Amino acid sequence: MGMLKSLKEALKPEAPIMLPMYNLGYIPKIKKFYEVPPVVSIENISVEFDGFKAVNNVSTEIFPHQVHFFIGPNGAGKTTMLDIICGKTKPCAGSVIFHGTSPEIDSSMVDIDVTHMREFEIINLGFGRKFQAPSIFKSLTVYENMELSLKGNKSVFKSLFFKATKEQKAKIDEILSFVELKNKKDEKASGLSHGQKQWLEIAMLLVQEPEVLLLDEPVAGMGKPETERTGVIIRNIAKKYAVCVVEHDMEFVRKVADVVTVMHEGKILKEGTPDECLADEQVKAVYLGRGKFHKSGI
């Protein structure tokens, strides 16, 4: 017991961050503070494409139980940041560190450099990535999509003959209820609305139990009711996981985000709470153009 205690003390961060949890819009506006380490550290990341620096020396952190938004004008480097985190794009400088847990040392934190790992290796560590266009199997039912997304060996042969266990079926039903698709589970995915297809893909990620969920413009093309429902889903996901989002809808950002990173020309322009970032005059000038106010109230 003495050795385990010593190891835990040695691995404990020197200065735990007092993390503000800003519950805006869809849940009560109560500020709470937790001493927690980040789940992902992005350190001095740069990416270059044919001499153009898409991301230039960016450093930030993503925390558990937070919804962290990357916003900015087109070409600011937002989606590239998600690509770097999940391994789709490799940086020319800097590192991405995943702070996972080690059951061997009483669930203490361990640091894993994922910068140059392959995508499937990063996913297996506990990352889930959703791209802007839904990636679902439209010819299959909602339930069959979920069944294919379960963790495990997904060779073509095993997928053809795979049958979910009783526990796995219960888990699928629970997640489909969470995204309000349980009553659609026997319907073909092709018959879902645009928003429901987005929710199905989010559900397909959740069934894999990721520690970090990366969402690229999850409400693009949605009407107001579906957008609001997506906000509720994301806020509820953050009760268990870290969520990182790229989005252009500023009203959605204001209501859902805990932390906002504003990017411009590959660099961080401003980082803070939604109110802090969206009230910043430099952010207004860069993001909206010449400081004009957006109809959303920015």
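The values are calculated or read from the model by the stated rules, or taken from the named source; none is laboratory data. This structure is a prediction, so every number in the text was calculated from the model and none was measured. All Cβ positions, even for glycine, are placed from backbone atoms using ideal geometry, and neighbour counts span all protein chains on display. Just the protein is used for accessible areas: all its heavy atoms, side chains included, with ligands, DNA and RNA removed. Shrake-Rupley method; radii C 1.70, N 1.55, O 1.52, S 1.80 Å.
For a quick check: with amide H placed at 1.01 Å from N, whose amide H comes under 5 Å from Arg129's, ignoring anything fewer than 5 positions away on the same chain?
For Arg129, whose amide H was placed from the backbone, the distant partners under 5 Å are Leu214.
Is there a quick way to get the dipole size of the range 177-281? I mean about its Cα centre, with the Cβ of Lys and Arg at +1 and of Asp and Glu at -1; what is the value in debye to the nearest 20?
580 debye
Using a 1.4 Å probe, what is the accessible area per residue for the range 126-270, in Å²?
Value returned for the range 126-270: 45 Å² of accessible area per residue.
As a test of the definition: which semi-axes, in Å, follow for the range 179-298 when you take the square root of five times each eigenvalue of its alpha carbon gyration tensor? Largest first, please.
For the range 179-298, the semi-axes come out at 30, 16, 11 Å.
Which of the peptides 129-137, 237-245, 110-118 is most tightly packed, and how do the rest follow, judged by the mean count of other Cβ atoms within 10 Å per residue?
Per-residue mean Cβ counts within 10 Å order the peptides as 237-245, 129-137, 110-118.
Taking every pair of Cα atoms in the range 111-152, average 1/r, invert it to obtain the Kirkwood radius, and report Rg/Rh to two decimals. List each step's numbers first, then the result.
Numbers: Rg = 13.3 Å, Rh = 12.4 Å.
Computed over Cα atoms, the ratio is 1.07.
Each label point is 7 Å from the Cα along the Cα-to-Cβ direction; what then is the distance between the points at Lys138 and Gln208, in nm?
Result for the modelled spin labels: 2.2 nm.
Treat each spin label as a single point 7 Å out from the Cα along the C-beta direction, and report the Lys267 to Asn183 distance in nm.
For Lys267 paired with Asn183, the spin-label model returns 5.2 nm.
May I ask you to evaluate 6.51 cos²θ - 1.76 cosθ + 1.60, the Karplus curve with θ = phi - 60°, for each residue of the range 38-55 and list the ³J(HN,Hα) values in order in whole Hz, giving x for glycine and proline?
Each residue of the range 38-55 in turn: x, 8, 9, 10, 9, 10, 6, 7, 9, 9, 10, 10, 6, x, 9, 8, 6, 9 Hz.
Set the Förster distance to 22 Å, then compute FRET efficiency between His194 and Lys169 from the Cβ-Cβ distance, nearest 0.05.
So the FRET efficiency works out to roughly 0.20.
HN-Hα J couplings of the range 112-128 from phi, Karplus 6.51/-1.76/1.60, θ = phi - 60°, integer Hz, Gly and Pro as x?
Computed from phi, the couplings for the range 112-128 are 10, 7, 9, 3, 10, 7, 7, 3, 5, 5, 5, 4, 5, 6, x, 10, x Hz.
Residues with amide H under 5 Å of Val55's amide H, sequence separation 5 or more or different chain, H placed in the peptide plane at 1.01 Å from N; which?
Val47
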